[in-house]
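Notes follow once the structure below has been shown.
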Amino acid sequence: MTAFTAHLRNETRLLLREPAALIFGALLPLAAIIVMTAIPAARNAVLDFGGRSVIELYQPTLVLFATSVLGLTIVPAILGGYRQLGVLRRLRTTPASPAGLLAALFVVVAAVGLIVTALLVLIPGLAGAGVPKDLGLFLLAGTLGLVAFLALGTVLAAVVRSPQAAAGIGNLVAAIMWFSAGLWLPRVFFPDWLVTLTDLTPGGAATQAMLDAAAGAPASWQPYVVLLAWTALGAGVAVRVFRWE
């Protein structure tokens, strides 16, 4: 067994023991889509929602909710805990590189995010509630959102010393992303200025790209550029300021 494989197994085991990851990153959004799918009226197009059904309107938001929890709260808490306990420092003195541990953590968290995203699409599809018209772009937008949140979560772990504080700040940032995604007020009701503002956030950009893909609307390059820009910014800052100790 290679060191990276051992890291993967260990990170998978630890993540599955993390209640917040399981409840908020997986079970809660999946329960929400199951309930929506079970309600016949949630499948009907609503004029006030721009001709979208409740499921079509909230499916991207639930994807965004799950991936933001994983990237912005779970990753900072785990990385901060490792650094606080000296795990990363000790790994530097062994053949098992701390970079391998970080890579394994990102792979495991990303895998959970992608599995939840796939289930959020698959469950309504199997129940006859439909799937996004442009499934490829929908999944691409969801994946880019996840990657952006992983990068930003690493920044939080780098600049905030306490893992508890990093997770708390991550929750605050995630809540801003949820608002931008239309969790409490659907984006179709946003005034133009708020749409423009939230489109510049990873949450707003990813959700709008998924909404457009679900409706089969012509793809706009703007949300994808925004997501890539946030990913590049987060990764660049994390590389510069992250310390093993």
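FYI, it's all coordinate maths here, none of it is from the lab. A quick note: this is a predicted structure, and the numbers were derived from the prediction, not measured. Positions of Cβ are generated from backbone atoms using ideal geometry, with glycine treated the same way; all protein chains shown enter the neighbour counts.
A few remarks follow.
- Multiplying each eigenvalue of the alpha-carbon gyration tensor of the chain by 5 and taking the square root yields semi-axes of 33, 19, 15 Å, largest first, rounded to whole angstroms.
- A simple rule links phi to the HN-Hα coupling: the Karplus curve 6.51 cos²θ - 1.76 cosθ + 1.60 with θ = phi - 60°, which for the stretch 218-223 gives x, 5, 9, 6, 4, x Hz, with x for Gly and Pro.
- Among Ala151, Thr61, Ser162 - extreme Cα towards positive end, dipole of the chain, charges at beta-carbon: Ser162
- Each of Ile55, Ile123, Ile74 was scored by other Cβ atoms within 10 Å of its Cβ. Listed from fewest to most, they are Ile123, Ile55, Ile74.
- Build a GNM of the chain with springs between Cα atoms under 10 Å apart, and of Pro191, Pro76, Pro132 the one that fluctuates most is Pro191.
- Residue order for Phe138, Phe49, fewest other beta carbons within 10 angstrom first, comes to Phe49, Phe138.
- Computed helical MRE - 222 nm, the chain, DSSP H runs ≥ 4 contributing -39500 (n - 2.57), nearest 500: -23000 deg cm²/dmol
- Each Lys and Arg adds +1 at its Cβ and each Asp and Glu adds -1 at its Cβ; summed about the Cα centre, the stretch 3-241 shows a dipole of about 960 debye.
- Axis angle, to the nearest 10 degrees, between helix 202-215 and the longest C-alpha principal axis of the chain: 40 degrees.
- Against the main long axis of the alpha-carbon atoms of the chain, helix 28-38 sits at an angle near 20°.
- Once the Cα atoms are used to define both axes, helix 135-159 deviates from the longest principal axis of the chain by about 40 degrees.
- Annotation: peptides 37-48, 146-157, 205-216, ranked by per-residue average of other Cβ atoms within 10 Å with the highest first, follow the order 146-157, 205-216, 37-48.
- For the chain: relative contact order, % (alpha-carbon pairs under 8 angstrom, 6 or more apart): 27 percent
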